[in-house]
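See below for the structure under consideration.
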Amino acid sequence: MLITNIKNADAVSRTTVGAGYALGLLNLAVAKGANRAQLLARAGIRADDLEDQDNRIPMGNYVALMRSGQELAAEPALALLYGEAMDLSELSVVGLIARASDTMTEALAQLNRYGRLVVEVEGIGFENRFQMRKDAEGLWLVDTRKNANEFPELTESTFARMICGSREFGDGSRPFVKAVRVTHPRPAHVEEYQRILQAPVTFDSHENSMLVDEVWQDFKVARASRYVFGIFSEHAERLLAELETARTVRGQVEAHAIPMLHTGELGVDVIAAKMRLSRQTLYRKLKAEGVTFEGLLDDLRHRMALHYLDGQKVSVNETAYLVGFSEPSAFSRAFKRWTGRSPRFRAAA
C-alpha cells in the first residue's frame, strides 16, 4: 500500500473508501489538468480497481490520490472543490438514500448508517460519526472522526459537500451554517473556504464542527421518491404497485415495508402503527393467512435482493444495506440460505 505523509499509517491501512468515491476525485483532478495515467501511478491505483462499485480502495491510496491530484493539477484546494462539485447520488447509492429522506435529520441518520459504503474513517465503528450537540452558542453538527489532522482534506471535502448539498433544500432566505470549526491549521487557500463555505471559519480549533441554524433539522429533502429503494428495476416497481393494491394483509405489510427495508430498523410495531392495528391484531391477521411477520420479512428481503441484483443498478454490498443488513457478510450468509449460491454469483450471472 502507498501511504504519503501519514504518521498513523497502521490505522489508515485498515480503512478504505468506495471505488466510486475515488473515481469521482480522479475525474475532477483530471478535469483540473492532472494527467490520468500519471495520477493513477502515483496513487498506486489501477484503472480497473475503479470499475467495480464494490471495490474498496485503501485509504492510504486515496490520500495519495488526493495529494498527487493537488500537485499535478496545481490545485491545493482540490478537496474543497471536490466537496463543492460532487453529487453523491452519482457516486453511490448512499446519495440516493439521503435524497429520499424526508428531512435533513433523517438524511443525517441515513448518512451515519450507510456512510461506511462511501468512506471508512479511523475510530468510528458502529457509533454515529456525525453527532448533534446543543450548547449556549446553538446547535452544532460535530464530525467525531479521530486524528482528523492526518488528512484534513477529508474534513474539507466533507464539510463542503454538506454545506453545498444542503443549500438546495432551504428557502435561500438565510444561510443554514453560521460558523465552522476545524482542527487543522489555516491553509494557504483560505479564500476558497470563504467562497465555498460562506461562513466564518475557526482554524486550530478543538473539534471539527458546524454551527447550524436549528431550522436545518426540519428542511424538507425528499428529492427522490420515497420508493427509491424499490424502483431500481421495472420489475420491482411493478411489484410495489401490485402490493399497494393487494387485498391481503401480507400485501399491505409488504407495501409498507419496501420503502423502509433500508433503515434496518423495521419491526412489527412500526408496521402495525402504519396500518393502525395493534401488534397482536397484526400477528393474528397474518397467522390467519398462514404467514408470520418474521417469515414475511425474510421472504421480502430475498425477493428484493433478487430484484436489485438482477437489475444491475446497485452492487452486492449496496444491495445488502438496501434490504436491511448492517453487514455485507450477514447478507451473503442469508443469500446462500435463500438460494444456495453467493450473491456475487447471482450478480455476475
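ARG223 meets all of the listed conditions (1) part of a loop (DSSP other than H, G, I, E, B); (2) modelled with pLDDT of 90 or more; (3) among the basic types (Lys, Arg) but one, namely (2). Of the set (1) surrounded by 20 or more Cβ atoms within 10 Å (Cβ to Cβ); (2) among the hydroxyl-bearing types (Ser, Thr, Tyr); (3) not in a helix (DSSP H, G or I), all apply to SER326 but (1). In a residue-by-residue description of segment 47-64, the property of being β-branched (Val, Ile, Thr) and closer than 27 Å to LEU309 by Cβ applies to at least one position. Scanning segment 340-349 for residues that are modelled with pLDDT of 85 or more and either open to solvent by 10 Å² or more (accessible area, probe 1.4 Å) or more than 23 Å from VAL17 (Cβ to Cβ) (or both), we see that the one that is nearest to the chain's Cα centre (by Cα) is SER342. Among the numbered conditions (1) in a helix (DSSP H, G or I); (2) touching a helix residue (DSSP H, G or I) at 6+ places or on another chain (Cβ under 9 Å); (3) open to solvent by 10 Å² or more (accessible area, probe 1.4 Å), the only one that MET66 does not meet is (3). Can you say whether GLY33 is over 24 Å from the mean Cα position of the chain (by Cα), open to solvent by 40 Å² or more (accessible area, probe 1.4 Å) and closer than 30 Å to SER332 by Cβ, as far as the supplied structure shows? Taking the combined requirement at face value, the residue does not satisfy it.
Considering segment 115-164, the residues that are in a helix (DSSP H, G or I) and acidic (Asp, Glu) include one that is surrounded by the fewest Cβ atoms within 10 Å (Cβ to Cβ), namely GLU150.
Per-residue answers, yes or no, for (1) modelled with pLDDT under 75; (2) surrounded by 15 or more Cβ atoms within 10 Å (Cβ to Cβ); (3) among the small types (Gly, Ala, Ser); (4) over 30 Å from GLN198 (Cα atoms):
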residue: ASP218; (1), (2), (3), (4): no, no, no, no
residue: GLY230; (1), (2), (3), (4): yes, yes, yes, yes
residue: ALA273; (1), (2), (3), (4): no, no, yes, yes
residue: THR292; (1), (2), (3), (4): no, no, no, yes
residue: ALA305; (1), (2), (3), (4): no, yes, yes, yes
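Residues checked against (1) modelled with pLDDT of 90 or more; (2) in a loop (DSSP other than H, G, I, E, B); (3) not aliphatic (A, V, I, L, M):
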position: GLN53; (1), (2), (3): no, yes, yes
position: TYR62; (1), (2), (3): yes, no, yes
position: GLU75; (1), (2), (3): yes, yes, yes
position: TYR82; (1), (2), (3): yes, no, yes
position: GLY95; (1), (2), (3): no, no, yes
position: ALA98; (1), (2), (3): no, no, no
position: LEU108; (1), (2), (3): no, no, no
position: ARG113; (1), (2), (3): no, no, yes
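Within segment 304-323, the set of residues being of a type outside the set (S, T, N, Q) and outside any helix (DSSP H, G or I) comprises LYS313, VAL314, VAL323.
Here THR319 qualifies as closer than 30 Å to GLU90 by Cβ, among the hydroxyl-bearing types (Ser, Thr, Tyr), surrounded by 21 or more Cβ atoms within 10 Å (Cβ to Cβ) and under 26 Å from the mean Cα position of the chain (by Cα).
The residue list ARG337, ARG301 contains one member that is open to solvent by 20 Å² or more (accessible area, probe 1.4 Å), assigned to a helix (DSSP H, G or I), charged (D, E, K, R) and over 23 Å from GLN110 (Cα atoms), which is ARG337.
The values are calculated or read from the model by the stated rules, or taken from the named source; none is laboratory data. What you are looking at is a predicted structure, and each value in this text was computed from that prediction instead of being measured. Glycine gets a Cβ as well: all are built from the backbone with ideal geometry, and neighbour counts include every protein chain shown. Ligands, DNA and RNA are stripped out before the accessible areas are found, and what is left, the full protein with its side chains, is counted by its heavy atoms. Shrake-Rupley method; radii C 1.70, N 1.55, O 1.52, S 1.80 Å.
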